[in-house]
2 protein chains.
Amino acid sequence: MTTNPPRRRATIHDVAKRAGVSITTVSHALNGKGVIADATRKRVVETAADLGYSPDAIARGLRSRRLGILGLVIRPLDTLGSYQPEGVDYFLRFAGAAAVEALDRGYGLALMRDPTVGNAPGIALAADGFIISDPVASDPVIELLTRNGIAVVAVGRDIERPEFTAWLGAGTHTNTDAVIQHFLERGATRIAIVTGEDNNSWNADSELTYRAWAAERGQTPLVYHQDEGLGEAGGRALAEQLLASGEPLPDAIYCLTGRHAAGMQAGLQAAGYLIPDDIMIASGSDSEQTRNSAPPITSIDLAPEATAKAAVTFLVELLDGVPDADPDADPDGDGAGDPVPPEVEYRIRDRASTRSMR
Amino acid sequence: MTTNPPRRRATIHDVAKRAGVSITTVSHALNGKGVIADATRKRVVETAADLGYSPDAIARGLRSRRLGILGLVIRPLDTLGSYQPEGVDYFLRFAGAAAVEALDRGYGLALMRDPTVGNAPGIALAADGFIISDPVASDPVIELLTRNGIAVVAVGRDIERPEFTAWLGAGTHTNTDAVIQHFLERGATRIAIVTGEDNNSWNADSELTYRAWAAERGQTPLVYHQDEGLGEAGGRALAEQLLASGEPLPDAIYCLTGRHAAGMQAGLQAAGYLIPDDIMIASGSDSEQTRNSAPPITSIDLAPEATAKAAVTFLVELLDGVPDADPDADPDGDGAGDPVPPEVEYRIRDRASTRSMR
DNA sequence: AAAAATACCCAAAACGTTTTACATGCCGGA
DNA sequence: TCCGGCATGTAAAACGTTTTGGGTATTTTT
C-alpha cells in the first residue's frame, strides 16, 4: 500500500489511563473547566502531549452540537452547473477569501453544492452555519437550512422572502446608480442595461434601480436579459440582436456580468462601432474579461475578498455572539447581541470603455 | 432575531416512536440492512419522510469513523500567507474544481490552512482524507496526517520522503523538457531557468531536469531563484539583476511562475530588448498575467481542473476502494484494489513570447 | 473533638447513530 | 407433542467526548 501504517489515534481514555486519572479530569484539565490541582493538570497536559492526543472533533461535535465547519453554497454555480474558469473569477476569489477568514476564526470552510437536490451529503446539515451567495427567489436552500435550525447568512437578499434579514448587500442599488451617474457625466443620453436571467437580487435590484431612474427621467427603459451561462458569446449575440433590431442604438450599455460586457463590446466593434466614442460599455462585475478587453472595460469592483470576509464575520457573530457586545443592551434577552451585517465598500474601476472626463 | 425559530431536528428516536418500532428497526429500514417485513419498512420510510428525518452526520460519523469531508491544503498559500487574487489563479481554479469533483462523489470539500501550526481547528483530523497541493520537503502536514492514520494524496511529491508514494505528478519533468525543446526548436542557444524558492517538487524537479539537460548538452546551467511572493516585481528585479551582471544574456528564459515571467518580460522590454526577437520567454504556469502580457507569454497549461479531478478521484478510491477492481488481483489481500494515480495531460500554450515556427 | 467548609476528583449520563447478538412467535416436520 | 428452523424484531453496546451531580479526604471552624 501507499499509506503509512494507520496508527490508532489516542483517545481521552488513553490519556486518562496513562496519567492515572479519570477521563473527567483529563477533559477538565485540557479545557480549563473544573477545579484541579496544578500538579495534576500539568501531568495530564504533559501526558496528552506525549501521546499526541487531540480531542476527536466528531465526538466533540456530537456533544456540543458544533463541528467547526461553515458551509458555503454559491447559487449561481448551481444553476451554471460548472466551475469553468472563465467568468467565475468572482466566485473563486470569494470562496478563497471566505476560507481564509473562516480559518482565522477557527472554522473550516466547506464548499457545497445545493443540498436540497439529490441525496444531500448529510454533512450539509452538520455544518454549524451557512453562507449562501446570491440566493434565488424563495430559495429552497434557505428554507431547508432554517427549517433545520441552522444559521444562514446570505450575500444578496432573497427577493421573495422579506422576513429573512440575515443578508448583506452587494451594494446593488448604489452600484447601479453609480454606473448610471458615470455614464451621464460622460454625456450619455440613452442608457441600456443587460442583466442575467437568474432570479436573484443582483439581477432584480439592478433592473429595479435602473427602471426607477428611467421612470424619473422619463426615458423609455432599455432592458435586456441574457443567460449568464452563455458568457461572451451571449454578449456578442445580444449585440447582433441590438444591431438587427433597427431601433436607435443606446450610447451607453451597462452589462451586469463581465463576460456579457466583453462580448457586447466585441460584437459592437465587429460591426464597426467605436468604444467608447460611439457607445460606452460598463460592467457590474470586474473580471479577467473586463480587465483585458480592448479597450479595458469600466467595471464595478465587487470586492469579493471584502464581501467574503464580511459574510464570514457576520455568520460567526451569529453563531458565537458578538464578542464585545454591550451586555446592557440586549433587548431580546437571548444573551447574544444582535450582529448587524457589515458594510462593504465597492469602487468603480474607471477604464477606457467609458469616456475620460479630462 | 434574524433567524427563524430553530426547530429541533427529528432524531431516529422520534421516527421509532411514531412508527411504533425500535430504533434498530428504523436504522435497518432506512439503510436496507436487516431483514424486515415489507409493510414495516414502508411504514418506517413514510414516517421518516413525514418527520423530515435525516440521520445526523455527526452521530453517524462517530460510529462509522467517516464524516464525508475531504480536506484540501494548498501549501504555497500557507507560505505565501495570502489568497491575493493575482497569481493564484491556478490554486483557486484547483480548489473550485476539487470541490465540484468531491461533491459529485458525495463528499464535501473543506479548504484548510496548515493544520500543524497554531491550534489546529480539531476538525482537521476529522476529515476523511486530505489532498495536499505542492508539499514541501519532509512536509509536516503529511507527517501529522499519516501519523493519525488519515489518508493523504499529494499533488507533487515530497522530495525528501520517497516512501510516500500517494502523489500524482504535475508532469514537471516532461513539462520542463517540453519547454526546453520548444526553445531549441525556435533557435535558442542559451537557455536560463527561474524557479521559485519554496522547497517543493515543482521547483526542485524543474531545476533538476534543466540541469540534467544542460549537463548532457555541456552548457553551463543558468539557474536563478526568486521568492514566489514577490510576483511581477520579483520578475522585474531579476531582469535588472541579469542586465546589471554584465554576463551575456540568455536568449530564452523559462520562468516557472506566470508572475515572474510577466515581470521578467516587462523588465527586459523596459531595457529595450524585444520579446521574442532578442529574448524568448516562457512560463511554467498559465495565468492571467501570461495570457494578458504584451506579447502574451507561452506557458504550460497546468490544467488545474483536470489535476484537481484526478487528485480527488485518487483520494476517493483510496478511501472507498477502487469500484471496479479485479477481485482476483489483490496481492496484499487487504480487500481493496490499489488505486493508481491518474495521469493528467498538460499542454504548452504557444504564444507570441516565443518565436513562431512558420 | 465534632461539625462545617474546602479542595480535589470521579462515575455515569448524554449526544444520535450503527451493529451485534439475542428474543419471540410461528410454522412444518418428526 | 416436541423440536428445529425461519421470519421478524429488539436491547444493549459502542463510538469519544463534555457535563452533571455527587463523593471522599483534608482542612478549618467552633
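The values are calculated or read from the model by the stated rules, or taken from the named source; none is laboratory data. All values reported here derive from a predicted model rather than from experimental measurement. FYI the Cβ positions are ideal-geometry reconstructions off the backbone, even for glycines, and counts take in every protein chain you see. When the accessible area is computed, the model is the full protein with side chains, heavy atoms only, and any ligands, DNA or RNA have been set aside. Shrake-Rupley method; radii C 1.70, N 1.55, O 1.52, S 1.80 Å.
Among residues of the range B:54-79 being touching a residue at least 60 places away in the same chain (Cβ under 8 Å) and open to solvent by 60 Å² or more (accessible area, probe 1.4 Å), the one that is nearest to DNA strand D (Cβ to nearest atom) is B:66. If I ask for residues that are closer than 30 Å to residue B:216 by Cα, of a type in the set (A, V, I, L, M), open to solvent by less than 10 Å² (accessible area, probe 1.4 Å) and at pLDDT 95 or above, which ones from the range B:130-186 would you list? Hits for the range B:130-186 are B:155, B:179, B:180.
Quick check on the range A:24-37: of everything there that is open to solvent by 70 Å² or more (accessible area, probe 1.4 Å) and near DNA strand C (Cβ under 8 Å from one of its atoms), which residue is modelled with the highest pLDDT? Checking each candidate, the answer is A:24. Within the range A:213-228, the set of residues being surrounded by fewer than 16 Cβ atoms within 10 Å (Cβ to Cβ) and more than 19 Å from residue A:156 (Cβ to Cβ) comprises A:215, A:216, A:217, A:218, A:219, A:220, A:221, A:223.
Among residues of the range B:22-33 being more than 8 Å from DNA strand D (Cβ to nearest atom) and without any contact (Cβ under 8 Å) to a residue 12 or more places away in the chain, the one that is nearest to residue A:56 (Cα to Cα) is B:31.
Contact map, the range B:34-53: first residue within 14 Å of chain A (Cβ to nearest Cβ), second residue assigned to a loop (DSSP other than H, G, I, E, B) and of a type in the set (Gly, Ala, Ser), Cβ cut-off under 7 Å, separation 6 or more or different chains; pairs are B:51/B:10; B:52/B:10; B:53/B:10.
Please go through the range A:231-247 and give me each residue that is open to solvent by less than 90 Å² (accessible area, probe 1.4 Å) and in contact with a helix residue (DSSP H, G or I) (Cβ under 9 Å, 6 or more places away or on another chain), ordered by number.
Just the residues of the range A:231-247 that are open to solvent by less than 90 Å² (accessible area, probe 1.4 Å), to begin with: A:231-235, A:237-239, A:242-246.
A:231, A:232, A:233, A:234, A:235, A:237, A:238, A:239, A:242, A:243 - these are the residues of the range A:231-247 that are open to solvent by less than 90 Å² (accessible area, probe 1.4 Å) and in contact with a helix residue (DSSP H, G or I) (Cβ under 9 Å, 6 or more places away or on another chain).
Within the range A:274-290, being buried (at least 23 other Cβ atoms within 10 Å of the Cβ) and not in a loop (DSSP other than H, G, I, E, B) holds for A:280, A:281, A:282, A:283, A:289, A:290. Whether a residue is within 14 Å of another protein chain (Cβ to nearest Cβ), buried (at least 17 other Cβ atoms within 10 Å of the Cβ) and free of Cβ contacts under 8 Å to residues at least 60 places away in the same chain was assessed, and residue A:19 does not pass this test.
Only one of the numbered conditions (1) part of a loop (DSSP other than H, G, I, E, B); (2) open to solvent by 20 Å² or more (accessible area, probe 1.4 Å) is violated by residue B:317, and that is (1). Working carefully through the options B:254, B:210, find the one that is assigned by TED's automatic domain parsing to the domain that holds residue B:176, at pLDDT 95 or above, open to solvent by less than 20 Å² (accessible area, probe 1.4 Å) and in a helix (DSSP H, G or I). Being assigned by TED's automatic domain parsing to the domain that holds residue B:176, at pLDDT 95 or above, open to solvent by less than 20 Å² (accessible area, probe 1.4 Å) and in a helix (DSSP H, G or I) holds for just one of B:254, B:210, which is B:210. Taking residue A:266, is it among the aliphatic types (A, V, I, L, M) and surrounded by fewer than 17 Cβ atoms within 10 Å (Cβ to Cβ)? No; evaluated as a whole, the condition is false for this residue. Being among the β-branched types (Val, Ile, Thr), more than 9 Å from DNA strand D (Cβ to nearest atom), in a helix (DSSP H, G or I) and modelled with pLDDT of 95 or more is a description that applies to residue A:44.
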